[in-house]
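All of the numbers you see were taken from the coordinates with simple rules; none came from a lab. For clarity, every value in this text was computed on a predicted model and none was experimentally measured. All Cβ positions, glycine included, derive from the backbone under ideal geometry; neighbour counts span all protein chains shown.
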């Protein structure tokens, strides 16, 4: 299964915020959308990503004010992304190794979508259920033996 397959099923809607908006605005938007991260976009170009973890580590624990801190001050600028042809397994590996939960999907400079750890887990579980169903069907004698 590839990243493009996940985007086909979940959609390509991207939620973003501008670098000069406040962290408060970002957190409010994440809460309203029930998501854990926003892409930081300026002039249709990906500049960073802001997550709940960034808020916790760079605002709350540092005693900063979310209403007077710009997103650009705390966003993660070292953007790790994937491409549509990457595998679900490689995405899981990246997320595990880098301890991140969201990956922008890029093709060149174009943002095609975002996948989360939840999207990957949902996909893997779906694949496993499909394989189990087929194996049960085969074992119960409803399948044809290829040999």
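Could you calculate the contour length gain from residue 5 to residue 42, that is, 0.36 nm times the residue separation minus the distance between their Cα atoms, to one decimal place in nm?
Working: separation 37, 0.36 × 37 = 13.32 nm, distance 2.74 nm.
Gain in length upon complete extension: 10.6 nm.
For the chain, modelled as a Gaussian network with Cα springs under 10 Å, which listed residue fluctuates most, 80, 117, 132?
Taking springs between Cα atoms under 10 Å, the residue moving most is 132.
Taking a virtual spin label 7 Å from the Cα of residue 140 along the C-beta vector, which residues in the stretch 110-127 bring their backbone nitrogen under 20 Å of it?
From the stretch 110-127, the list is 126-127.
7 Å from Cα along Cα→Cβ at both residue 57 and residue 31: what's the point-to-point distance in nm?
2.3
Relative to the longest principal axis of the chain, what angle (0 to 90°, nearest 10) does the C-alpha long axis of helix 23-33 take?
For helix 23-33, the angle is close to 30 degrees.
In square nanometres, what is the average projected area of the Cα convex hull of the stretch 92-134? Walk me through the numbers before you get to the answer.
Values: hull surface 15.3 nm².
Mean projected area for the stretch 92-134: 3.8 nm², to one decimal.
At 0.36 nm per residue, minus the direct Cα-Cα distance, what do residue 13 and residue 76 gain on full extension? Give it in nm, one decimal, please.
Result: 20.6 nm gained on full extension.
How much length is gained if the chain between residue 68 and residue 127 is pulled fully straight, taking 0.36 nm per residue apart and subtracting their Cα-Cα distance, in nm to one decimal? Mind dumping the intermediate values first?
Numbers: separation 59, 0.36 × 59 = 21.24 nm, distance 4.54 nm.
Fully extending the segment from residue 68 to residue 127 adds 16.7 nm.
Just to verify a number: FRET efficiency for residue 87 and residue 24, C-beta to C-beta distance, R0 = 25 Å, to 0.05?
The value I calculate is 0.10.
What shape does the stretch 67-116 take by its C-alpha gyration tensor, where a ≥ b ≥ c are the square roots of the eigenvalues and a/c under 1.5 counts as rounded, a/b above b/c as prolate, and the rest as oblate?
Numbers: a/c = 2.91, a/b = 1.62, b/c = 1.80.
In terms of gyration-tensor shape, oblate.
So how many Å³ per residue does the convex hull of the Cα atoms of the stretch 3-139 work out to?
On the way: hull volume 16.1 nm³, N = 137.
Expressed per residue, the convex hull around the Cα atoms of the stretch 3-139 is 118 Å³.
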